[in-house]
Amino acid sequence: MQFLLHHLLLATTLLSSPPCNAYSPVSLTTTSTLRGISPENLQNFLGSPANWPKIVASSNSVRSSPEGGKPINLEVPLKVSQEVDELFGLPPLFPLSVSWKCMNAVVPRNDNAGTMEFYSENGVDGVACDCTMRFEIRNCGDGNDDVSSNVKLTMSYQPMSLLAILAIPVLILDNTIALRLLLPSVITSQEQSPLNKFRYLMGSLYGIAGLAHLADCLTSSQLLTAAGSPPFSLLPISGMIYALVWCFAGPVSFAASRIDGGGRLADLGLILYGLVEVYGAYLIRLVAEDGISSVDVAGGFAVSDPFLNAIVVQGIVAAAWVYSSQQKEDNLV
């Protein structure tokens with residue numbers, strides 16, 4: 001029992017709150033580049049506290065600080081001297097909070113970087129104090145149609161306990177996931193550009209279609225046979241290879257729509273999938289055992305030719321792309 005009490009006392013001493021100068025200050029830096037996102041839009045997003053829990057895995061919610069006076073709008077960027085409370089941890093079992101005050105907010109202009117700085121003097125009670133979050137946002141596009149932004153997050157704090165030191169790897173991982181994974185995905189999905197929304201949607205649909213075709217090829221091949229193709233297991237080696245290329249073109253298109261905000265890369269992914277699908281349908285048409293069949297539908301003429309069907313589908317996709325791009329141009333006028 002004395003041995004157990006000794007170690008409990010030792011653990012309590014190590015994790016207690018010694019003077020702030022007992023530990024060296026900690027500074028962590030994380031960067032990320034976002035394609036298709038302007039510096040102004042990026043700063044508006046990061047400066048709005050309501051968006052923080054959307055991209056930070058450890059963040060639970062944000063509310064107006066009781067000490068900051070009247071409630072503020074969390075959906076817009078904080079102004080200098082405004083304060084909010086960020087709740088994180090595992091409330092109500094393990095609730096933690098930090099009161100952030102906006103100390104600086106400079107909007108990016110042309111080649112001049114935008115900056116935002118949030119400071120918390122008390123930090124997390126008994127764990128860390130003098131906490132700072134500083135964002136630096138720069139334009140990294142080529143000046144033509146390439147709209148891109150680079151964000152640099154510098155997080156610093158003064159540890160008050162061993163827990164603040166042990167948390168460093170977790171904070172590095174949390175910041176990396178926030179800026180390089182969740183931020184591009186969330187902000188892209190919220191972009192107002194109809195063309196970006198179309199790219200994002202079609203990338204998702206093609207990704208799902210590719211996985212569905214892969215599952216079909218490896219099981220009953222119902223999708224292949226319904227289009228007039230022999231089952232996957234009866235295809236020649238070249239046919240199997242092309243069927244798998246067709247399957248993986250979907251995930252490739254999906255990835256292209258997510259990497260660095262999509263843009264031209266997303267368009268290339270859509271074009272790749274369309275070409276693979278049309279040529280694959282043409283091959284199916286050549287090997288179809290019963291040729292091209294047709295049925296009379298409500299007095300009309302419906303053709304079940306897979307090649308023609310693929311051309312029609314891709315024609316609709318192309319028309320939707322053109323329409324979405326024109327909507328974007330109209331909004332810019």
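The values are calculated or read from the model by the stated rules, or taken from the named source; none is laboratory data. Since the model is a prediction, treat every value here as computed from it, not as a measurement. Note: ideal-geometry Cβ built from the backbone for every residue, glycine included; neighbour counts use all protein chains shown. Ligands, DNA and RNA are stripped out before the accessible areas are found, and what is left, the full protein with its side chains, is counted by its heavy atoms. Shrake-Rupley method; radii C 1.70, N 1.55, O 1.52, S 1.80 Å.
Here the condition is being open to solvent by 20 Å² or more (accessible area, probe 1.4 Å), touching a Leu at 6+ places or on another chain (Cβ under 9 Å) and of a type in the set (Ser, Thr, Tyr); of Tyr282, Tyr242, it holds for Tyr242 alone.
Checked against the criterion of being touching a Cys at 6+ places or on another chain (Cβ under 6 Å), of a type in the set (Phe, Trp, Tyr), in a strand (DSSP E or B) and closer than 30 Å to Tyr23 by Cβ, the candidates Tyr119, Tyr157 yield just one match: Tyr157. Scanning segment 61-79 for residues that are assigned to a strand (DSSP E or B) and surrounded by fewer than 17 Cβ atoms within 10 Å (Cβ to Cβ) yields a count of 2.
Please specify each residue of segment 96-116 satisfying the condition of being of a type in the set (A, V, I, L, M, F, W, C) and either in a strand (DSSP E or B) or under 25 Å from Ser24 (Cα atoms) (or both). Hits for segment 96-116 are Leu96, Val98, Trp100, Cys102, Met103, Ala105, Val106, Met116. Restricting attention to segment 172-223 and to residues that are of a type in the set (D, E, K, R) and out of contact with any strand residue (DSSP E or B) (no Cβ under 6 Å at 6 or more places or on another chain), the residue that is nearest to Arg258 (Cα to Cα) turns out to be Arg199. If you check Ser204 against the conditions, is it closer than 29 Å to Val245 by Cβ, touching a residue at least 12 places away in the same chain (Cβ under 8 Å) and not in a loop (DSSP other than H, G, I, E, B)? For Ser204, the condition - closer than 29 Å to Val245 by Cβ, touching a residue at least 12 places away in the same chain (Cβ under 8 Å) and not in a loop (DSSP other than H, G, I, E, B) - is met.
Among the residues of segment 105-119, the one identified as modelled with pLDDT of 95 or more and more than 25 Å from the chain's Cα centre (by Cα) is Tyr119. I want to confirm something. Restricting to segment 104-129 and keeping residues that are hydrophobic (A, V, I, L, M, F, W, C) and touching a helix residue (DSSP H, G or I) at 6+ places or on another chain (Cβ under 7 Å), which single residue is most open to solvent (accessible area, probe 1.4 Å)? Here the answer is Val107.
In the condition set (1) hydrophobic (A, V, I, L, M, F, W, C); (2) open to solvent by 40 Å² or more (accessible area, probe 1.4 Å); (3) within 30 Å of Ser38 (Cα to Cα); (4) in contact with a helix residue (DSSP H, G or I) (Cβ under 7 Å, 6 or more places away or on another chain), Ala266 is compliant with all but (2). Tell me yes or no: at least one residue of segment 174-182 is buried (at least 19 other Cβ atoms within 10 Å of the Cβ), farther than 27 Å from Tyr279 by Cα, of a type in the set (D, E, K, R) and at pLDDT 85 or above. The answer is yes, given that some residue of segment 174-182 is buried (at least 19 other Cβ atoms within 10 Å of the Cβ), farther than 27 Å from Tyr279 by Cα, of a type in the set (D, E, K, R) and at pLDDT 85 or above.
Taking the condition at pLDDT 90 or above and part of a helix (DSSP H, G or I), does Ala11 pass? Spelling it out, it is not the case that Ala11 is at pLDDT 90 or above and part of a helix (DSSP H, G or I). Only a single criterion out of (1) under 24 Å from the mean Cα position of the chain (by Cα); (2) at pLDDT 90 or above; (3) crowded, with 17+ Cβ neighbours inside 10 Å; (4) not charged (D, E, K, R) is not satisfied by Ser257, namely (2). A count restricted to segment 41-60 and to residues that are surrounded by fewer than 18 Cβ atoms within 10 Å (Cβ to Cβ) and in a loop (DSSP other than H, G, I, E, B) stands at 2.
Considering segment 147-159, and only residues there that are open to solvent by less than 40 Å² (accessible area, probe 1.4 Å) and of a type outside the set (S, T, N, Q), the residue that is farthest from Thr29 (Cα to Cα) turns out to be Pro159. Right, Ser221: without any contact (Cβ under 8 Å) to a residue 24 or more places away in the chain, of a type outside the set (Asp, Glu) and surrounded by 15 or more Cβ atoms within 10 Å (Cβ to Cβ) or not? It is true that Ser221 is without any contact (Cβ under 8 Å) to a residue 24 or more places away in the chain, of a type outside the set (Asp, Glu) and surrounded by 15 or more Cβ atoms within 10 Å (Cβ to Cβ). Every listed requirement among (1) open to solvent by 50 Å² or more (accessible area, probe 1.4 Å); (2) modelled with pLDDT under 95 is met by Arg134 save one, (2).
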